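A short write-up of the structure that comes next.
The values are calculated or read from the model by the stated rules, or taken from the named source; none is laboratory data. The shown structure was predicted, so the numbers you read here are calculated from the model rather than taken from an experiment. Note: ideal-geometry Cβ built from the backbone for every residue, glycine included; neighbour counts use all protein chains shown. To get the accessible areas, we keep the full protein, side chains included, count just its heavy atoms, and leave off ligands, DNA and RNA. Shrake-Rupley method; radii C 1.70, N 1.55, O 1.52, S 1.80 Å.
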Amino acid sequence: MTLMQKAITPAQSRAHVQAGYDRMAGYVVRADDVAFATTPAQLFEVHGLGYPGSPFSPDAPYLDLLRFESGPQLQYRDVPGYIVPLWWLRHSRVTPGAELVRVFADGSTTLLARYGDVGTAWSVTQLGHRPALASLSRCVGPVAKWHSAYLEADVVDGGHTVVLALANPPLAETGFQQAPSGRWFRRVPREDVSELFELDLTARWNGLSVRVVDQWQDAQRYVVARISHLGDDLDHAEHLRLDRVEAGVYEAVVYAAELTDIQTNQVVPHTWAPGPAAGLRRPTVQAR
């Protein structure tokens with residue numbers, strides 16, 4: 001696996017270490033390509049953080065980075081004039097073993113937090129408290145079929161082990177344990193899992209291409225969805241007044257009934273052997 005690196009806005013950094021937010025999206029680079037950048041000013045330059053409305057500053061006393069292993073949602077982007085190769089990361093769950101690192105103006109670094117996996121979530125190393133626990137979403141991240149049930153999962157140990165995660169204590173199955181984060185998890189051999197895939201649920205909202213990344217019922221019992229913008233139509237995303245998370249990353253919460261051209265695909269990286277997922281039960285976005 002290749003180690004990737006992403007500059008994290010102050011708001012995202014707080015979300016990770018305080019709210020347990022376990023998602024990431026946006027432009028990333030290979031860590032090796034920018035190893036020479038060891039100060040916030042240098043990182044500001046190589047990550048291209050001087051875009052209009054940027055929350056970053058080259059004079060900041062520190063800059064936070066997320067370092068993580070490459071995954072199936074990365075797409076190479078040929079951006080003219082960019083000084084290092086650039087990738088676009090679709091809205092994804094943080095990958096196992098990812099680290100949130102703070103780089104200071106004198107070139108020193110400190111590890112703020114480490115993401116174990118979907119079962120253990122974030123562990124904070126510097127701030128003296130445990131993050132809150134983010135909700136699970138079957139729309140983002142690996143899903144495993146185990147004992148006839150579909151569970152949120154992560155693939156670890158070089159593809160040999162699958163971590164199964166539950167938000168609540170299992171009613172019948174044994175062998176699950178509760179992580180310090182509060183989530184229940186169990187590690188099983190890869191061969192015990194009959195299906196393993198990541199859902200890629202896409203749609204259009206007011207003509208904009210989006211990925212559905214969460215779904216729930218609101219207080220009036222209408223089904224709502226969190227959507228994340230796909231593609232390069234940034235003007236359209238701005239016109240529709242989506243929330244800009246950072247450069248190129250736009251998200252919103254909408255009624256599921258407003259989504260059109262819904263497509264559900266499965267992503268099965270070759271490292272998730274043995275074999276592709278079979279017999280995928282495809283969830284649909286429900287209407288209000």
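Sub-8 Å Cβ pairs linking a first residue in segment 174-187 that is more than 19 Å from TRP146 (Cα to Cα) to a second residue that is among the polar types (S, T, N, Q) and part of a loop (DSSP other than H, G, I, E, B), at least 6 apart or interchain, are ALA179/THR120; PRO180/THR120; SER181/THR120, ordered by first then second residue. HIS16 fulfils the conditions (1) in a loop (DSSP other than H, G, I, E, B); (2) within 15 Å of the chain's Cα centre (by Cα) except for a single criterion, (1). Residue count for segment 152-167, restricted to those that are open to solvent by 10 Å² or more (accessible area, probe 1.4 Å), within 23 Å of LEU201 (Cα to Cα) and within 17 Å of the chain's Cα centre (by Cα): 2. Looking at segment 100-121, can you tell me whether even one residue there is among the aromatic types (Phe, Trp, Tyr) and open to solvent by 20 Å² or more (accessible area, probe 1.4 Å)? Taking every residue of segment 100-121 in turn, at least one turns out to be among the aromatic types (Phe, Trp, Tyr) and open to solvent by 20 Å² or more (accessible area, probe 1.4 Å). For the condition more than 21 Å from the chain's Cα centre (by Cα) and over 16 Å from VAL268 (Cα atoms), what is the one hit in TRP184, TRP146? Answer to the check: TRP146. Of the residues making up segment 1-17, those that are out of contact with any strand residue (DSSP E or B) (no Cβ under 7 Å at 6 or more places or on another chain) and loosely packed, with under 15 Cβ neighbours inside 10 Å are PRO10, ALA11, ARG14.
Scanning segment 231-242 for residues being surrounded by fewer than 19 Cβ atoms within 10 Å (Cβ to Cβ) and either of a type in the set (A, V, I, L, M) or assigned to a loop (DSSP other than H, G, I, E, B) (or both) gives a total of 6. Candidates VAL212, VAL249, VAL245: the one that is closer than 16 Å to GLN73 by Cβ, β-branched (Val, Ile, Thr), open to solvent by 50 Å² or more (accessible area, probe 1.4 Å) and in contact (Cβ under 8 Å) with a residue 60 or more places away in the chain is VAL245. Annotation note: of VAL28, VAL46, the sole residue that is in contact (Cβ under 8 Å) with a residue 40 or more places away in the chain and either surrounded by fewer than 22 Cβ atoms within 10 Å (Cβ to Cβ) or not polar (S, T, N, Q) (or both) is VAL28. So, in segment 270-288, exactly how many residues are at pLDDT 70 or above and surrounded by fewer than 17 Cβ atoms within 10 Å (Cβ to Cβ)? Matching residues across segment 270-288 total 3.
Only residues that are in a loop (DSSP other than H, G, I, E, B) and either at pLDDT 95 or above or in contact with a Cys (Cβ under 6 Å, 6 or more places away or on another chain) (or both) were counted across segment 59-73, and they come to 3. Cβ-Cβ distances below 7 Å connect the following pairs, each with a first residue in segment 144-164 that is part of a helix (DSSP H, G or I), a second residue that is open to solvent by 20 Å² or more (accessible area, probe 1.4 Å), and a separation of six or more residues or different chains: GLY159/THR271; GLY159/TRP272; GLY159/ALA273. For SER137, the conditions (1) more than 30 Å from GLN178 (Cβ to Cβ); (2) part of a loop (DSSP other than H, G, I, E, B); (3) of a type in the set (Ser, Thr, Tyr) are fulfilled apart from (1). The residues listed here are ASP22, ASP64, ASP78; of these, the one that is touching a residue at least 60 places away in the same chain (Cβ under 8 Å) and either open to solvent by less than 30 Å² (accessible area, probe 1.4 Å) or not hydroxyl-bearing (Ser, Thr, Tyr) (or both) is ASP22. A single entry from ARG241, ARG186, ARG190, ARG204 fulfils the requirement of being at pLDDT 95 or above and in contact with a helix residue (DSSP H, G or I) (Cβ under 8 Å, 6 or more places away or on another chain): ARG190.
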